[in-house]
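**Student:** Next up is a structure, given as structure tokens.
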Amino acid sequence: MAHIRGRRAGRDGRGGRDRHEAAPLRESAGTVAVIADEAGFALMRRYGTFGFSDHRSYLHRTEALLRTLAGRHGHTAVALFDPVGFADFCERERLGPDSPASRARYTAEIAARGATVPYEGQPLARLVPALLAEHVRWETWELGADLLAAAGTCPSCGDPQARCAFQRAAGVLAGILERAPAGTHHLVCSLIPETGPLTAALVAERGGDGSLHVAEPEALVLCTLLAVALATGDPGGLVLRSTADAGTGPSPDAGEPREEVCGWSLRSGRLFPLSEGGVFAAYCTDAYTGEPVPPERGVAYRAAPQPPPSACAGA
């Protein structure tokens, strides 16, 4: 399932091919939507124009298509084709679902939302997990954005919570990362709104010179969930797991921890630092059974520092 556009090549006045004829094709972009699982594939088989009989051969032909497009286009993106979402799209747009044109329009629609990953020659076995993770990240962001929009206005400054709470969350996130030492930092925000649990993760790299490298899409989703917690008071948590750069932290050879974990609870629209015991209990307790689990080797559980201020500027 691909949505591809190009231009026909021309000829120069001498009867040969125009030396620039390949430029429009090489500089165009293509998108392929992939059905990742057997259940989704089974739903698509009800459409006669779909034309595939088994998921394995479908993935094989899709991978061949991606290789072809990568050789012809300057950029090829991959999106996740959701058969249920496709059926809803066709109903909403009054399109016949048993149509390649409808599938192409749906592919263009989901690609425009941004939930895609670039194809760089990687096999589908490696690309599909990355695609699923990207899909979940964008779904989480959309749900979080809806919750934030529904939170109304800030009672202190009167601005929409989508602006005020997000600015507060961005300040908290920046403050936490600015205090972090050189190394790799994995930050996870978990939230439990009435609509169901939501989780976002962010990996940040801080260099020895103080530089900070963060993936903007990940930061956007985590910041949105944190903003929802600050705006609505829904319960949740924020956990920071840090690995020091070689030579800047304790030596593993000396039996010292290689990683440190700290965290904050989210409740009533505020962050509360967890003690060392609180972090240990959270990490060393089975979330489903409540039974204790052994602590991870090489991990130290630390008391969290006081969080950066998160109060509204108009308070």
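The values are calculated or read from the model by the stated rules, or taken from the named source; none is laboratory data. Keep in mind the model is a prediction, meaning the values are calculated, not measured. Quick reminder, even Gly has a Cβ in these numbers, built from the backbone with ideal geometry, and neighbours come from all protein chains shown. When the accessible area is computed, the model is the full protein with side chains, heavy atoms only, and any ligands, DNA or RNA have been set aside. Shrake-Rupley method; radii C 1.70, N 1.55, O 1.52, S 1.80 Å.
**Student:** Return yes when Thr49 is of a type in the set (Val, Ile, Thr) and in a loop (DSSP other than H, G, I, E, B) and no when it is not. Quick ask: steps written out before the conclusion?
**Tutor:** Numbers: of a type in the set (Val, Ile, Thr): yes; in a loop (DSSP other than H, G, I, E, B): yes.
The answer is yes for Thr49.
**Student:** Please report, ordered by residue number, the strands (runs of 3 or more DSSP E) entirely within region 114-224 with at least 3 residues that are under 29 Å from Ala282 (Cα atoms) and either of a type in the set (Asp, Glu) or open to solvent by 20 Å² or more (accessible area, probe 1.4 Å) (or both). Don't jump to the end; show me each part of the working.
**Tutor:** Details: elements: 116-118, 183-191, 198-206, 212-214.
So the answer is 183-191, 198-206, 212-214.
**Student:** Being surrounded by 13 or more Cβ atoms within 10 Å (Cβ to Cβ), modelled with pLDDT under 90 and basic (Lys, Arg) is true for just one of Arg302, Arg270, Arg258, Arg297. Which residue is that?
**Tutor:** Numbers: Arg302 fails: modelled with pLDDT under 90; Arg270 fails: modelled with pLDDT under 90; Arg297 fails: surrounded by 13 or more Cβ atoms within 10 Å (Cβ to Cβ).
On inspection, the qualifying residue turns out to be Arg258.
**Student:** If you don't mind, there's one more thing I want to ask. Out of Thr107, Thr76, which single residue is open to solvent by less than 50 Å² (accessible area, probe 1.4 Å), polar (S, T, N, Q) and part of a strand (DSSP E or B)? First the steps, then the outcome.
**Tutor:** Values: Thr107 fails: part of a strand (DSSP E or B).
Checking each option against the conditions leaves just Thr76.
**Student:** Looking only at region 227-240, which residues are open to solvent by less than 10 Å² (accessible area, probe 1.4 Å) and either under 22 Å from Tyr301 (Cβ atoms) or not in a helix (DSSP H, G or I) (or both)?
**Tutor:** The answer is Leu238, and nothing else.
**Student:** In region 27-56, which residue that is open to solvent by less than 40 Å² (accessible area, probe 1.4 Å) and more than 23 Å from the chain's Cα centre (by Cα) is farthest from Pro118 (Cα to Cα)?
**Tutor:** In the first step, residues of region 27-56 are kept if they are open to solvent by less than 40 Å² (accessible area, probe 1.4 Å); the result is 28, 30-36, 40-41, 44, 47, 50, 55.
With more than 23 Å from the chain's Cα centre (by Cα) added as a condition, the list becomes 28, 41, 44, 47, 50, 55.
Numbers: Ser28: 14, Phe41: 22, Met44: 24, Tyr47: 28, Phe50: 24, His55: 22 Å.
The qualifying residue farthest from Pro118 (Cα to Cα) is Tyr47.
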